[in-house]
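Right, one structure below, let's go through it.
The values are calculated or read from the model by the stated rules, or taken from the named source; none is laboratory data. Owing to the predicted nature of the structure, the values given are computational and were not obtained by experimental measurement. Here Cβ is always computed from backbone atoms with ideal geometry, including for glycine, and neighbour counts include all displayed protein chains. Each accessible area value is taken on the protein alone, full model and side chains, heavy atoms only, with ligands, DNA and RNA left out. Shrake-Rupley method; radii C 1.70, N 1.55, O 1.52, S 1.80 Å.
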Amino acid sequence: MKKIARIKDIAELANVSAGTVDRVIHNRGRVSENAKKRILKAMEELRYEPNMMARALVSSGEFRIAALIPDPTHDEYWEAPFRGVDEAESQMRQYGVIVDKFLFEQNDVESFKREAQRLSEMSYKGILVAPIFYRESLAFLSKWSQEGIPFNLFNTHIPDYEPVTYVGQDSYQSGLLAGKLLHYGSKEPGTFIVAHLENEVLNSTHLVKKEQGFMDYFDDSKDDGYKIVRAEINNWDDMDVCSRQLDALIAEYPDLRGFFVTNSRSFVIGDYLKKKGLENLQLVGYDLLTKNIGLLSEGIVDFLINQNPRGQGYWGVRLLVDHLVFRKEVDQIRYLPLDVVTKENLQYYI
């Protein structure tokens, strides 16, 4: 039986990394002309046939992909991408695709590193990952890139290591949208608070980009009467501590007009506003979690920006399969729509 040349074989013959070979094969990223010539010559000598390889993978009966995602039992938000991954695997199973999930605790960076290391020690053809811990993700993305293991990102975009595809929202644009929603809903100028309900904001690049988009909206606005204040609420799960921090903010800014919550935890601020009788303050946040939906229906939350987390998981797998198994060209970025959900159109989303 004729042996099918692997990317690793080409890399060894051309004296380059497997990641460089992958970039040449799929015509993405920068490669020096000298290296490109050596790779093409090695491919010719080894009679590398991508289409034959794809057929072999499909007919092998098993094509394993790893999905590194937060454990949904700790945060309702991750139930939707979890379902999306399952749905894509179900549709692709006829082609021998199997997706193994590696679950980590969203607030525990060590559990992320542990699961990432565990899957790295196995032989997966591709990886889907939500790199919510920016700094810790870089080492693994670099390792997988050098080893020629294709990976897709969702939820958080880190373009430096050239993922096959990023699936998710444009975080910066969603911040601009949130700014516009609060601006239009405010009858008079005042202060808006960008509330980060996260333990380590600077290690969550998507939250930083949302904040930047929000602030840039008001910087570009012709209305100079607005002040933007950022607040990190680290102990959001301790209502007593959280309430004291919010009490202090409201006391400090008597002209407060509303909050922009940069993740799915709008319900924390919403519960506080409801308890304190501050329903007049505007609140914009993200995602159709059960508690957020309830507060939206009551009018405590004014707008929710739906990030389509199910679609992120689904398309993260589907586009990886398209790239690996069917050798299709896929877009490097698959932005999902910015859906604005209100109590008036909520029924169409749930």
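Data for the structure
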item	result
Any chance Leu141 is open to solvent by less than 70 Å² (accessible area, probe 1.4 Å), more than 15 Å from Ser204 (Cβ to Cβ), in contact (Cβ under 8 Å) with a residue 40 or more places away in the chain and not in a loop (DSSP other than H, G, I, E, B)	no
Residue list for region 287-327, filter: of a type in the set (Phe, Trp, Tyr), within 13 Å of the chain's Cα centre (by Cα) and open to solvent by 30 Å² or more (accessible area, probe 1.4 Å)	Trp315
Region 100-138 - residue that is in a helix (DSSP H, G or I) and aromatic (Phe, Trp, Tyr) and, of those, nearest to the chain's Cα centre (by Cα)	Tyr134
Number of positions in region 82-99 that are in a helix (DSSP H, G or I) and touching a strand residue (DSSP E or B) at 6+ places or on another chain (Cβ under 6 Å)	2
Verdict on Gln146 being at pLDDT below 95 and under 21 Å from Tyr314 (Cβ atoms)	no
Qualifying residue in region 83-91 (condition: open to solvent by less than 40 Å² (accessible area, probe 1.4 Å) and out of contact with any Phe, Trp or Tyr (no Cβ under 6 Å at 6 or more places or on another chain))	yes
Selection from region 170-196 of residues that are open to solvent by less than 10 Å² (accessible area, probe 1.4 Å) and within 17 Å of the chain's Cα centre (by Cα)	Ser174, Gly175, His196
Selection count, region 197-233, where residues are among the hydroxyl-bearing types (Ser, Thr, Tyr), part of a helix (DSSP H, G or I) and surrounded by fewer than 20 Cβ atoms within 10 Å (Cβ to Cβ)	1
Residue within region 265-281 that is among the polar types (S, T, N, Q), in contact with a Phe, Trp or Tyr (Cβ under 6 Å, 6 or more places away or on another chain), buried (at least 20 other Cβ atoms within 10 Å of the Cβ) and on the phi < 0 side of the Ramachandran plot present	no
Qualifying position, being open to solvent by 10 Å² or more (accessible area, probe 1.4 Å) and part of a strand (DSSP E or B), among Val284, Val340, Val330	Val340
Residues within region 255-281 that are assigned to a helix (DSSP H, G or I) and either over 25 Å from Val208 (Cα atoms) or touching a helix residue (DSSP H, G or I) at 6+ places or on another chain (Cβ under 6 Å) (or both), tallied	7
Matching residues in region 26-69 - criterion: being modelled with pLDDT of 75 or more and either on the phi > 0 side of the Ramachandran plot or of a type in the set (Val, Ile, Thr) (or both)	Val31, Ile39, Arg47, Ile65, Ile69
Matching entry among Phe154, Phe133 (being under 23 Å from Pro72 (Cα atoms) and modelled with pLDDT of 95 or more)	Phe154
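So that you can scan it fast, the table gives a plain yes or no per residue for (1) of a type outside the set (Phe, Trp, Tyr); (2) over 22 Å from Leu246 (Cα atoms):
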residue	(1), (2)
Leu283	yes, no
Tyr314	no, yes
Asp322	yes, yes
Pro337	yes, yes
Asn345	yes, yes
